[in-house]
Structure formats: C-alpha cells, structure tokens
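Data first, discussion second: the structure below is written as structure tokens.
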Amino acid sequence: MKGSTGKICEEPFCRNKKKRKGKYLHKKCAKHIMQEYRKKHPARNYYQHLKWSAKKRGIIFTLTFEHLDEVLKATPNFFKKTGLLGKSLTVDRKETHLGYADGNIQVITRTKNSEKYWAEDRHYKFTGPLTTEQNTDDLPF
Ligand SMILES: [Zn+2]
C-alpha cells in the first residue's frame with residue numbers, strides 16, 4: 001500500500017505531516033482532515049458559520065444544530081445553492097429581533113432577503129425624521 005505508512009498527508013500535492021492523535025496516525029494532515037470534515041458535514045460547518053457571523057453582528061443566537069439541520073434538510077441541495085449570488089439561498093430570521101432561534105429561521109433566497117429588509121421596517125431607523133443634531137454620515141446609503 002503505497003503511502004499508507006508514510007508520514008506525509010495522503011492528499012495529492014500536500015506535503016504537510018499527517019496529524020497524530022496519541023498512538024493513532026491520521027491519513028491526512030490537520031488542514032485536510034478539516035477540509036474533509038467540512039465536506040462530509042456541511043450543516044455542521046454552516047452552523048459554525050452562522051454562529052460566528054451572528055456574534056460578529058451582535059445578533060441573538062440560541063439556535064440548536066439539530067434544528068438548523070432539520071430546516072436545511074427540508075431544502076433540497078441547500079449547499080449547492082449557497083453563495084453570494086442573488087438567487088442563492090440563505091438562512092433568514094422570521095422575526096428579526098428574536099435572532100437565530102429554533103423555530104425562527106427559514107431558508108430564502110438572498111434577493112428575497114433584501115426585499116424583506118425593505119418591506120419591513122428594518123430600515124426605518126435610518127429614514128425616520130432627522131434632527132439637525134443627527135449625523136447623516138452614518139446613513140448606510
Ligand atoms: Zn494535507
């Protein structure tokens with residue numbers, strides 16, 4: 001078995017050392033083990049991504065992985081349709097102020113998400129009457 005006893009990651013062209021865990025030697029390096037894990041568990045990966053970006057944006061996050069997994073499974077090919085294009089899918093909060101919570105998320109397209117932004121009063125705080133003291137430089141558009 002060529003390569004299986006070597007100490008270098010078995011991923012083609014990778015020259016990193018295999019990851020060792022106690023007596024067990026993995027077939028690949030830490031980087032490629034992670035990459036493989038993400039491929040195998042895209043929902044897990046997406047959950048981490050949501051959690052991280054919610055934290056960054058100061059959004060409540062009480063969502064459980066199990067619930068997210070259920071919602072994503074109900075959308076065929078979700079992971080083939082995520083991305084930055086307007087038609088791609090994204091996880092939205094039904095009630096914005098409740099944050100990412102079980103029962104409060106839905107899968108919609110990115111375009112729809114921004115339509116929703118304008119349909120609701122999410123932008124109200126930016127378009128409400130301005131007093132002279134308010135700094136208009138903070139407007140997002
Ligand atoms: Zn590798």
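The GluC sites (Glu not before Pro) found in the stretch 3-94 that occupy coil by DSSP, while having at most 16 further C-beta atoms within 10 Å, are Glu10. Atom-type composition of the exposed protein surface of the stretch 46-127 places 56 percent of the accessible area on carbon and sulfur (1.4 angstrom probe).
Computed with a 1.4 Å probe over protein heavy atoms only, the accessible surface of the stretch 46-127 comes to 66 Å² per residue.
Between His49 and Ala101, the contour length at 0.36 nm per residue exceeds the alpha carbon distance by 17.2 nm.
The values are calculated or read from the model by the stated rules, or taken from the named source; none is laboratory data. These figures come from a predicted structure and were not determined experimentally. Note that we place each Cβ from the backbone using ideal geometry, even for glycine, and neighbour counts take in every protein chain shown. For the accessible areas, the whole protein counts, side chains as well, though only heavy atoms, and no ligand, DNA or RNA atoms are used. Shrake-Rupley method; radii C 1.70, N 1.55, O 1.52, S 1.80 Å.
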